[in-house]
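The values are calculated or read from the model by the stated rules, or taken from the named source; none is laboratory data. Because the structure is a prediction, the values reported are computed rather than measured. A quick note on method: Cβ atoms are made from the backbone with ideal geometry, for glycine too, and the neighbour counts reach across all protein chains shown.
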Amino acid sequence: MIQPPDTTIPHVVQPNFHVGFDSITKQIEKRLLKRGFQFNIMVVGQSGLGKTTLVNSLFASHLAATSGRVNPEEKLISTPKIKVVSHTIEENGVHLKINIIDTPGYGDQINNEGCWDPIHKYIKEQHVLYLRQELNAQRKPHISDTRVHCVLFFIQPNGHGLKPIDITVLKKLSEIANVVPVIAKSDSMTIAEREAFKIILQKEFAYHQLCLYPNNLEDYDEEEHHVNARIRQIIPFAIVGSEKLISVDGKQIRGRKTRCGIIDIEDEAHCEFLHLRNFLISTRLQDLIETTALIHYEKFRFSRLIALKENSSSKSGSNTNGSSTASQNQKQHRQLFTAGAAPMVSSINNGT
């Protein structure tokens, strides 16, 4: 009789001599540096809120051009379109492959009913594509990851609170992606107005039970929980973006020159751009990627596979021509893992 494995925590043994497995972290680092990293960020908000400028400011590079109207003769986009720009950024030997997903046309109409559907559909389609690659009989060594790791949601600095469309979209997107809200163009408000507006927004986030990033995961240690709690007190980030260099006392800064003075986007006294950049890139970049895979994608994957299995079971149950239960289970298993993701793609397109 096979004994079940011992699940008790084994005693830690210290080798008498150096073995060498402590170098595994360097081995992993070397392989990851060679392969590079993938990060996909989506910006959602009305035209004119500085979405493209903020992304370019975050990565200190001109990665994307504005998708808004340049001339008044241009027509408004009736339905939000998905525009993806891809780049590879290199910093100190680390290569970051980045996809910037813009959503021009969102919220720009008088009637914005359903304007979020193309955005919601795009995020779910990336999950479908990834699942389809996972279910292929001959999988690639490294699956191409186009899943949206972070959604920056831009809130208008109106000083009054969230609009009904904001609440609807935040609810829908936070269920399938990591959503980080920001107050766009916060330099249009005074410091007192900005703080009062943030309090209003935080109360609305709590009232509508919006599950915004960062999440409370069991894997987080005490320090990470403490950092996340501090970040939640700051969210939504009041930001200002700028790609322009301005000379101040012989020093080049990135900022904006106004009639009231100069705004340095990296000065914490002026805005919270620095907090946002440190949060997204310096401390939570890998966590955003892992949370997408382990929470949002896993939830989607589970629901799709269960639906496919139930569909296979119902078809197998209707066929009672003497086939045994064992053969039916084998058939369901083959259908589940070799039939590909066509039924899933169909169910997504049909809105199920």
Within the stretch 109-130, count every residue that is touching a helix residue (DSSP H, G or I) at 6+ places or on another chain (Cβ under 6 Å) and either in a helix (DSSP H, G or I) or within 18 Å of Val179 (Cα to Cα) (or both).
5
Regarding Asp117, is this residue among the acidic types (Asp, Glu) and surrounded by 19 or more Cβ atoms within 10 Å (Cβ to Cβ)?
no
Of the residues Arg254, Arg230, Arg259, which is basic (Lys, Arg) and buried (at least 18 other Cβ atoms within 10 Å of the Cβ)?
Arg254
With the condition kept exactly as written, say whether any residue in the stretch 165-172 is under 23 Å from Cys115 (Cα atoms), assigned to a helix (DSSP H, G or I), in contact (Cβ under 8 Å) with a residue 40 or more places away in the chain and among the basic types (Lys, Arg).
yes
Taking the stretch 239-269 as the region of interest, how many residues are in contact with a Leu (Cβ under 9 Å, 6 or more places away or on another chain), of a type outside the set (Asp, Glu) and within 14 Å of Arg194 (Cβ to Cβ)?
2
Out of Leu308, Leu285, which single residue is modelled with pLDDT of 90 or more and either under 23 Å from Pro214 (Cα atoms) or aliphatic (A, V, I, L, M) (or both)?
Leu285
Some residue of the stretch 148-158 being touching an Asp or Glu at 6+ places or on another chain (Cβ under 7 Å) and closer than 17 Å to Gly50 by Cβ
yes
Confirm whether Arg230 is outside any strand (DSSP E or B) and in contact with a Ser or Thr (Cβ under 7 Å, 6 or more places away or on another chain).
no
Residues being polar (S, T, N, Q) and surrounded by 22 or more Cβ atoms within 10 Å (Cβ to Cβ) - total across the stretch 140-165
0
Suppose we filter Ala177, Ala196 for residues that are buried (at least 21 other Cβ atoms within 10 Å of the Cβ) and among the small types (Gly, Ala, Ser); which single one remains?
Ala177
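For (1) of a type in the set (D, E, K, R); (2) more than 30 Å from Gly161 (Cα to Cα); (3) in contact (Cβ under 8 Å) with a residue 60 or more places away in the chain; (4) assigned to a helix (DSSP H, G or I), each residue gets a yes or a no:
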| site | (1), (2), (3), (4) |
| --- | --- |
| Lys203 | yes, no, no, yes |
| Gln209 | no, no, no, no |
| Asn216 | no, no, no, no |
| His275 | no, no, no, yes |
| Ile295 | no, no, yes, yes |
Surrounded by 18 or more Cβ atoms within 10 Å (Cβ to Cβ), more than 29 Å from His95 (Cα to Cα) and in contact with a helix residue (DSSP H, G or I) (Cβ under 6 Å, 6 or more places away or on another chain), is that true of Arg277?
no
